[in-house]
Amino acid sequence: MTVQEALFRYALRLGDNSLVLGHRNSEWCGHGPVLEEDIAQANIALDLIGQARNYLTYAGEVEDKGRSEDALAYLRGEREYLNVHLVELPKGDYARTIVRSFLFDAFHLPLQQALATGKDERLKGIAEKAVKEVTYHLRHSSEWLVRFGDGTDESHRRAQEALDDLWRYTGELFTPDEAEEVLAQAGIAPKLDTIRMEWSATVDRVLKEATLTRPADGWMASGGKKGVHTEHLGPMLAEMQTLQRSYPGVEW
Amino acid sequence: MPADQQETLFQQKVDAEQKIEPRDWMPEGYRKNLVRQISQHAHSEIVGMLPEGNWITRAPSLRRKTILLAKVQDEAGHGLYLYSAAETLGTGRDEMVDQLLRGTAKYSSIFNYPTLTWADIGAVGWLVDGAAIMNQVMLCRTSYGPYARAMVRICKEESFHQRQGYDILVTLSKGTPEQKAMAQDALDRWWWPSLMMFGPSDKDSPHSAQSLKWKIKRQSNDELRQIFIDRTVSQAEYLGLQIPDPKLKWNEATQHYDWGEIDWTEFNEVIRGNGPCNAERLAARQKAHADGAWVREAALAYAAKKGERNAA
């Protein structure tokens, strides 16, 4: 795999992770547990979709076949999406949404920080902006996780259940595929084991404050990075892509 | 000071265009009328998130998705400012929300109509936000200070909402025959309900006269409706769309459009709860509230624990 090919796949993955999670968070808009959280989730979704637009636009440029952000978002099938499983799972109850966001944000922040110091100028520029946004996302999800863990018996139980259940999706975040290895070698993307150390420290710190128990590492799901997804991504994309697929080649 | 004297002073202040502030004396009827109106307005913002939210996950481009999400987020923000403005009159947000969920408070009936196609998102922005702006611009000059100030902020955002809606329809009307038909169909379904947004005709409007005297309202329902029609016709012409009113015609003598008759039976039925989506809208709000109960309890419990720890 050349650096150029790796860069295309990697930019797609960064875009897909942000787009799919942003889409899931946007499903809360109008249905949140308290009005302030409808606003917060919409804000976070807007940040993530904004990042996705930057990454997908860049992926299209690297590929150099004239594909725009929308061609990449709306006209790829689920086998061509390269996001990790964690972000595509249904939003669930608010504990599940918060735990999923927290597990992702704690990974996303050190990743973006590393990209902001990497050798690729475009990824650097996108990441510099994303670092500010993701810092807020992590603060938001951490604060709610602490409220749930140290709130009522019910909120503690829901948060711990979500954590136990989602834990098996965290391994994939840190298992590099070929593209990530090529780019780490080239000094463009960070080594994922260094990101894992930061992630792990954040998880331990916040879970302690939240009086939640870190699950033991067991079997880990994987496949998203090579386009083999859970059954949840297909219906999500079918909904998202409906107009573009029903009326091909039309301006909206 | 005797009540009648206070009321005279109050009316003098209103007539002199001075704003009434939360600590000022005000007639009970004025307070009640405002709480009713502001909370209805807040509920409309919140319920209004649902028909538009229906298309966030299906918006046809990332740019459109971003704009729509930002718009629906603004509506939530407007709901917050308005609940805060109503709270300055002594009624808590929880109580107002409770009235909405029990079905005893009203919200704008327009949100009981379904958004069936992407063109409806355009029509809602252009017509529904357009009609709402007419009211809201007037309310920037309303006599109650906190309400007027909330409206100034809201109006700035609403005019962006209307433009984004119109922009969707401009794109559709320049598009394929299917897209143009989609735009026309949306106009056909949203035109009359949008005119109903201005409320009953002046002769049948129970709260209007007093509200005008207190300068809560500054223009009557029929006046605003006419201004809206006069403005909107040329916008429809630019889109190449037909307004679904065979009686619509420019009148040289009055310098206004003549137009047909609103179906007041439909208007009253939807207000009574018999619109296409009344039950769904209320159920969606009730479900969000019920599902979120444990979240709000957790936040309160945590805040209380933290308070105790800080005090210790």
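Summed over segment B:196-214, the residues that are assigned to a helix (DSSP H, G or I), under 18 Å from B:THR265 (Cβ atoms) and touching a helix residue (DSSP H, G or I) at 6+ places or on another chain (Cβ under 6 Å) give a count of 1. Suppose the filter is open to solvent by 10 Å² or more (accessible area, probe 1.4 Å), more than 19 Å from the chain's Cα centre (by Cα) and charged (D, E, K, R); does B:GLU223 pass it? Here the answer is no, as B:GLU223 does not meet what is asked. Of all the numbered requirements in (1) without any contact (Cβ under 8 Å) to a residue 12 or more places away in the chain; (2) buried (at least 24 other Cβ atoms within 10 Å of the Cβ), A:THR117 misses one, and that requirement is (2). Within the group B:ARG231, B:ARG281, B:ARG285, B:ARG309, which residue is within 14 Å of another protein chain (Cβ to nearest Cβ), of a type in the set (D, E, K, R) and open to solvent by 40 Å² or more (accessible area, probe 1.4 Å)? Selected residue: B:ARG309, the only one of B:ARG231, B:ARG281, B:ARG285, B:ARG309 that is within 14 Å of another protein chain (Cβ to nearest Cβ), of a type in the set (D, E, K, R) and open to solvent by 40 Å² or more (accessible area, probe 1.4 Å). One residue alone among A:THR194, A:THR202 is surrounded by 15 or more Cβ atoms within 10 Å (Cβ to Cβ), modelled with pLDDT of 95 or more and either of a type in the set (D, E, K, R) or part of a helix (DSSP H, G or I) (or both), and that residue is A:THR202. Looking only at residues of segment B:47-74 that are part of a helix (DSSP H, G or I), open to solvent by less than 10 Å² (accessible area, probe 1.4 Å) and more than 7 Å from every other protein chain (Cβ to nearest Cβ), we find that the one that is nearest to A:ILE39 (Cα to Cα) is B:LYS71.
Only one of the numbered conditions (1) within 13 Å of chain A (Cβ to nearest Cβ); (2) touching a Ser or Thr at 6+ places or on another chain (Cβ under 9 Å) is not met by B:TYR144, and that is (1). Selection of segment B:81-95 for residues being open to solvent by 30 Å² or more (accessible area, probe 1.4 Å), assigned to a helix (DSSP H, G or I), in contact (Cβ under 8 Å) with a residue 12 or more places away in the chain and not polar (S, T, N, Q) yields only B:TYR81.
Given the structure, is B:ASP204 at pLDDT 95 or above and more than 20 Å from the chain's Cα centre (by Cα)? No.
Residues in segment A:2-29 that are touching a Pro at 6+ places or on another chain (Cβ under 9 Å) and either assigned to a helix (DSSP H, G or I) or of a type outside the set (D, E, K, R) (or both): A:ARG24 alone. So which residues in segment A:157-176 are within 19 Å of A:ILE195 (Cβ to Cβ) and assigned to a helix (DSSP H, G or I), if there are any at all? Result: A:LEU166, A:TRP167, A:ARG168, A:TYR169, A:GLY171, A:GLU172, A:LEU173, A:PHE174.
Please verify whether B:THR254 is among the β-branched types (Val, Ile, Thr), without any contact (Cβ under 8 Å) to a residue 12 or more places away in the chain and closer than 30 Å to B:ARG141 by Cβ, treating the condition exactly as stated. The answer is yes for B:THR254. Checked against the criterion of being modelled with pLDDT of 95 or more and either on the phi > 0 side of the Ramachandran plot or more than 18 Å from the chain's Cα centre (by Cα) (or both), the candidates A:ASP105, A:ASP150 yield just one match: A:ASP150.
Selection of segment A:20-32 for residues being within 14 Å of the chain's Cα centre (by Cα) and either more than 7 Å from every other protein chain (Cβ to nearest Cβ) or in contact (Cβ under 8 Å) with a residue 40 or more places away in the chain (or both) yields A:VAL20, A:LEU21, A:GLY22, A:HIS23, A:ARG24, A:ASN25.
Is segment B:117-132 home to any residue that is more than 14 Å from every other protein chain (Cβ to nearest Cβ), open to solvent by 30 Å² or more (accessible area, probe 1.4 Å) and touching a helix residue (DSSP H, G or I) at 6+ places or on another chain (Cβ under 6 Å)? No; the residues of segment B:117-132 include none that is more than 14 Å from every other protein chain (Cβ to nearest Cβ), open to solvent by 30 Å² or more (accessible area, probe 1.4 Å) and touching a helix residue (DSSP H, G or I) at 6+ places or on another chain (Cβ under 6 Å). Taking the listed residues A:LEU145, A:LEU183, the one that is of a type in the set (A, V, I, L, M), more than 14 Å from every other protein chain (Cβ to nearest Cβ), assigned to a helix (DSSP H, G or I) and surrounded by 15 or more Cβ atoms within 10 Å (Cβ to Cβ) is A:LEU183, with no other qualifying. Just need a number here: residues in segment A:209-252 that are more than 30 Å from B:LYS180 (Cα to Cα), open to solvent by less than 60 Å² (accessible area, probe 1.4 Å) and over 24 Å from the mean Cα position of the chain (by Cα). Matching residues across segment A:209-252 total 0.
No other residue among B:GLU178, B:GLU237 is without any contact (Cβ under 8 Å) to a residue 12 or more places away in the chain and closer than 22 Å to B:THR115 by Cα apart from B:GLU178. Checked against the criterion of being within 12 Å of chain B (Cβ to nearest Cβ), of a type in the set (A, V, I, L, M) and open to solvent by less than 10 Å² (accessible area, probe 1.4 Å), the candidates A:LEU48, A:LEU35 yield just one match: A:LEU48. Within segment A:57-74, the set of residues being of a type in the set (A, V, I, L, M) and over 16 Å from B:ARG64 (Cα atoms) comprises A:ALA59, A:VAL62.
The values are calculated or read from the model by the stated rules, or taken from the named source; none is laboratory data. Just so it is clear, the structure is predicted and the values come from calculations on it, not from any experiment. Using ideal geometry, Cβ is built from the backbone for each residue, glycine included, and neighbour counts are taken over all protein chains shown. These accessible areas exclude ligands, DNA and RNA; they are computed on the full protein's heavy atoms, side chains included. Shrake-Rupley method; radii C 1.70, N 1.55, O 1.52, S 1.80 Å.
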